[in-house]
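A short worksheet on the structure shown next.
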Amino acid sequence: MAVRLRINKSDALVAGSTVHVVCAISDSTLELRPLDGSSELLCFSHADVKRMIDECQASIEYGYFSGAQAARRALAGSALISRMGAAEKAQIFRKQVYVECFLDAEADGEVSRSNDRCAAFLPELGKRVEAKILEQIRLGKDGAELGKLLAMKHPGRTALMAWVREWQKTHDPMCFVKKSRFNGVNAKRVSPQVESAIQTAIKTYLHPGRVHIPHIADEANRVIRELNKSLVFSGQLPEREVSENTVRRRIADLDQFEVCAAREGVAVAKNKLGPYGQGLEIEAPLQRIEMDEWLIDLIALLEESGVDVSDPKFDELRKGRFWVCVAIDAATRVILAIKMSRTESAVETALATLWLAMRNKSEISKQLGCKKEWSEHGHIFNVAVDNGSSFVNADFKAALTDLGIGYEVLPAGVPKLRGRIERVFRTFGTELMQFLTGRTFSNPQERGDYPSDKYVVHTADSIVEVLVRFVVDIYHHREHRGLEYATPADTWDRLMGFYGHSPAKSPHVLRHFLGIPLKRQLGRHGVLVCGIAYTSRNLATFFQRRGAQQIDLRMDPEDMGYVSAWFDDAWHTIPAGLPNARGSSLAVWEAMIRELRRSNKAAARLHIEIVDAALERIKQIDDHQRAWRQIGPLTVSAKDIRRAEHESFYGLSFGVVPGEVREKPSVVGTASLTGRLSEIATSEGTSIEGSSPVDDAPGQPELPEDPQPEWKFSDEGEQ
């Protein structure tokens, strides 16, 4: 099937640090122009752009030129909520809770914005907000920071109305960030005369003629120049002219509905910005995704099967039942992701489900024995969830906001507003669980005398395989009444052909916001994670300029080839110094190190060739388990990685200097690899956290280049 991307002129294609404007779109080609005007018009086929995105050479920024995105860039530049401290995030979402509670009460007619009624309702509003914060503390995280909010004084009417007005402009939590965060200590304010000139010029913007912002800035500066003539004549200092960005920020503060209605008409404004209710019709794939959790109607214990459940590896099976988090596409009814969890309302599980929904899962379905491919994935535009603590968690909201994904929390107790995801869970219960031994049914009345606890045969492994096979081979290819008796898979293919494919952001970008958070000490070796050194030219330059310090990292446990590092106010992709680490999972890497420690007890050196051979062999064994891990319960967290580094990887450092990894001689004059924590030394010419720095050798190899997207025409290789 011919590739056709779902992209429009409000989107941007980013390659490296260059933003490209979409000038024209046809069925087969895209015409692009760099925003900075550095080159002429570029023409690419949809297939070429898709290939560049798959190879991490480019990424689509959806809605880059939309009003909401422009408003956010004018307000906060490249600032990210997920990069703020826990206390600051708690303050942001406290204001959001106040606004949401007030708007809900206003919609129900309990309060109005008049002075008297609003003031009288403030005590009740405070109680509702406190109840939501207490519920978040009970189910969620960051209890210490959220607990401090309960002792804070409730806002007055003036502050509350200001929050409400700011929220209604963009519905973006960034509007609650203190403006002083972006002003800087040397920020300059414009005078009342200059502000008046700007506001007068902006009136021209609200016109069907659709005057461009640069012309508005020119008009404002013309008025300022006229003002300066009179000021100089009277002996006063002239005013400075304003920049185009200043005008953009003023325009972003305007009511977006009013701006759209004045420039494009009321009908267009209603279509773009008008509210919608239950009558919303979803037509395009990935336009709206519904997510929810379900307690599987199946007991999974091993006691009755004669297995010793006291073994720590069976910890997850003692609890009996698992939760499953599911993401479903509203337009096609395709299930985009399933993730099992040991407990309810885990934000890590929600983030992992979101990540999996934007990945191609064909390899998972293949390794788990499915006949069909699970290839449905792409960029998600809006996510609809309920009030579960994992979905209203600050980290989940921040990840969605920073990825440019819309977020909608539907009220609890109204399942018809999430009818698609609720129906899927019913389908699981009626069409899948009936074939499984040990089911619990949905209630005691339905279960009757069925002894669920005596018929326990399933494990986490078997549940994962059963769920994936049912979804991929049965559910996706069975007639669906809600789709006019078409199948979800056929509907997906048909709508993708009509609307075009919307690729997900690159794996590097997804890792930036959804990876496991870590902190590591930056040194001359770069950063060390699980015995692998990660470094690049940009990171080395940052170390030379700022010195040793703790930096934030994000890691994908299924690919040790790269980590994301935050420095210079941006995320950077840092490659591993060990080439074989690319594509290797943390589970493979840890298993390989343990195997080498067992098999090389009498060896004097740990050769990199031995590492390569062992790694290749274990990768072959790991394929099935890799597929299981992406669906099964989460087993890797920042705490687990710290434990593994102390137990398995202590003293190891691979990848800084080509060649072998040498061991420290033992105290009795012999060298061995016995698994003791103090016996593995660093590579020649490397340094490890806490060890003495090593002088640079004259022949030290060059640092790896940072991964940079590269533009190429499709016919370059032919010339």
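The values are calculated or read from the model by the stated rules, or taken from the named source; none is laboratory data. A quick note: this is a predicted structure, and the numbers were derived from the prediction, not measured. Here Cβ is always computed from backbone atoms with ideal geometry, including for glycine, and neighbour counts include all displayed protein chains. Surface areas here come from the heavy atoms of the whole protein model, side chains and all, with no ligands, DNA or RNA. Shrake-Rupley method; radii C 1.70, N 1.55, O 1.52, S 1.80 Å.
Structure above, values below:
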item	result
Heavy-atom surface of region 350-397, accessible at 1.4 Å and reported per residue (Å²)	31
W323 accessible area, 1.4 Å probe, all protein chains in place, Å² to nearest 10	50
For region 493-516 versus region 539-558, the gap between their alpha-carbon centres in whole angstrom	27
Estimated distance in nm for a label pair at E226 and S114, the labels positioned 7 Å out from Cα along Cα-to-Cβ	4.4
Accessible area of region 213-259 divided out per residue, in Å², using a probe of 1.4 angstrom	65
Pairwise centroid distance, computed over Cα atoms, of region 186-225 with region 333-353, Å	49
Unsatisfied cross-links (Cα-Cα over 30 Å) in the set K372/K519; K9/K339; K397/K639; K50/K639	K372/K519; K9/K339; K50/K639
3J(HN,Hα) from dihedral phi, region 6-17, Karplus parametrisation 6.51/-1.76/1.60, rounded to Hz, x for glycine, proline	8, 8, 9, 6, 7, 8, 9, 10, 10, 10, x, 9
Packing-based ranking, highest mean first, of 35-43, 469-477 given that Cβ atoms within 10 Å are counted	469-477, 35-43
Residue-normalised accessible area of region 463-535, given per residue in Å² at a 1.4 Å probe	38
